[in-house]
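**Q** Handing you this structure, nothing more for now.
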Amino acid sequence: MAVRLDGAQREDLARAAAFLTAGELVAIPTETVYGLAATALDSVAVAKIFAAKERPSFDPLIVHVADVAAARALTSAWSDSAERLARTFWPGPLTLVLPKSNQIPDLVTSGLPSVALRIPNHPVALALLEAVGQPLAAPSANRFGRISPTTADHVDEQLGERIAATLDGGPCSVGVESTVLGWDPDPILLRPGGIPLEALEAVLGPILLPSEQTYQRHAPGRLPQHYAPRTPLLLNSNLVGPRIGLLAFQRSRPGFGQVEVLSGDLTEAAAQLFAALRRLDAAGLDAIVADAVPEIGLGRAIMDRLRRASHG
Ligand code: TXA
Ligand code: MG
């Protein structure tokens, strides 16, 4: 079982850094979800991420860095828009996809000429990046296709047997993954996430919303089905009954076997989403019905995750 380390303890942080430097895998807290980290420039270490997650090698990883200079150093072309976004939203839940430098192993980017970069906004992640002194590749610390972890316990349930350590930094404050932005050559939203589209548009102007096909071309790991509980999840269904679970927002509805009511505030609801889905999934129900929310602010990321979690 993974060694449990406490991100608030200096020695534990040093142990996490030592595991990473030795090429081992450590699950780390970020403000979005827990990540499964390895040093990004060591392809042998990176290969362990794919093995532990059972992640297909066509799905590229996000590289986490400590500051803007480190991000820029990993690209072959940094742009004015990248600079403006980085200055406005980093550290934070925004990932920028930019032309990669030769330093980055092909395994990290699944052979793509671009690399996904972000500075996480979590004191433990930042202290760890500082201690390791190298960029860290880290996808979400779940098995491929399953619900992303927002606590250290969630990580250990899915990956505890397969990794060296789990660094506990408490529950994630944002709760959904980062927003991924690329250029084609105009700005294009590759994944809605923790930074609302509206906030990005306030800085950049209009951003393209890709079709599902464009998603596949630009963000090959973004499968239509993802983030899925084992229990079938239905969006906006009329199904009701004692064997059915309900994921609702703001107010409940009668007639369900188990109910999770998330906040009506979509930012709060995003932070609660994955833990609630896990509780419903653990209840042994026949199906989970999820209500819809408006696609504004964090609502866009919530609906994206619910659609990908749903079984049609
Ligand atoms: O919030 C997050 O982003 C979390 C935390 C740990 O930072 N990480 C995360 O990583 O969600 P992951 O691997 O679950 O999702 C990364 C996604 C890929 O599936 C892909 O869609 C996109 O980022 N991506 C990565 N590299 C890319 C690239 N070069 N071009 C396009 N998309 C890329
Ligand atoms: Mg993921």
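The values are calculated or read from the model by the stated rules, or taken from the named source; none is laboratory data. Keep in mind that this is a model prediction, so the values were computed, not measured. Quick reminder, even Gly has a Cβ in these numbers, built from the backbone with ideal geometry, and neighbours come from all protein chains shown.
**Q** Being touching a Lys or Arg at 6+ places or on another chain (Cβ under 7 Å) and not in a strand (DSSP E or B) is the filter; apply it to the stretch 178-195 and report the residue that is nearest to ligand 2 (Cβ to nearest atom).
**A** Ser178
**Q** When the residues of the stretch 12-64 are narrowed to those that are among the β-branched types (Val, Ile, Thr) and farther than 20 Å from Arg191 by Cα, which ends up surrounded by the fewest Cβ atoms within 10 Å (Cβ to Cβ)?
**A** Here the residue is Val44.
**Q** Among strands (runs of 3 or more DSSP E) lying entirely in the stretch 33-130, which contain 3 or more residues that are in contact with a Ser or Thr (Cβ under 6 Å, 6 or more places away or on another chain)?
**A** Answer list for the stretch 33-130: 94-99, 114-118.
**Q** Filter the stretch 156-176 for residues that are away from ligand 1 (no atom under 11 Å from the Cβ) and in a loop (DSSP other than H, G, I, E, B) and give the result.
**A** Scanning the stretch 156-176 gives Gly160, Glu161, Arg162, Ile163, Ala164, Gly169, Gly170, Pro171, Ser173.
**Q** Can you confirm whether Pro206 is within 16 Å of ligand 2 (Cβ to nearest atom) and either modelled with pLDDT of 95 or more or part of a loop (DSSP other than H, G, I, E, B) (or both)?
**A** no
**Q** Any residue in the stretch 97-106 that is within 13 Å of ligand 1 (Cβ to nearest atom), over 30 Å from Asp6 (Cα atoms) and of a type in the set (Lys, Arg)?
**A** Yes.
**Q** Moving to a separate point now. In the stretch 131-159, how many are closer than 15 Å to Lys48 by Cβ and not hydrophobic (A, V, I, L, M, F, W, C)?
**A** Number satisfying all stated conditions: 2.
**Q** Now a separate question. Restricting to the stretch 133-155, count the residues that are surrounded by fewer than 21 Cβ atoms within 10 Å (Cβ to Cβ) and outside any loop (DSSP other than H, G, I, E, B).
**A** Qualifying residue count for the region: 1.
**Q** Could you list, in sequence order, the residues of the stretch 227-267 that are outside any loop (DSSP other than H, G, I, E, B) and loosely packed, with under 15 Cβ neighbours inside 10 Å?
**A** Correct list: Gly241, Pro242, Arg243.
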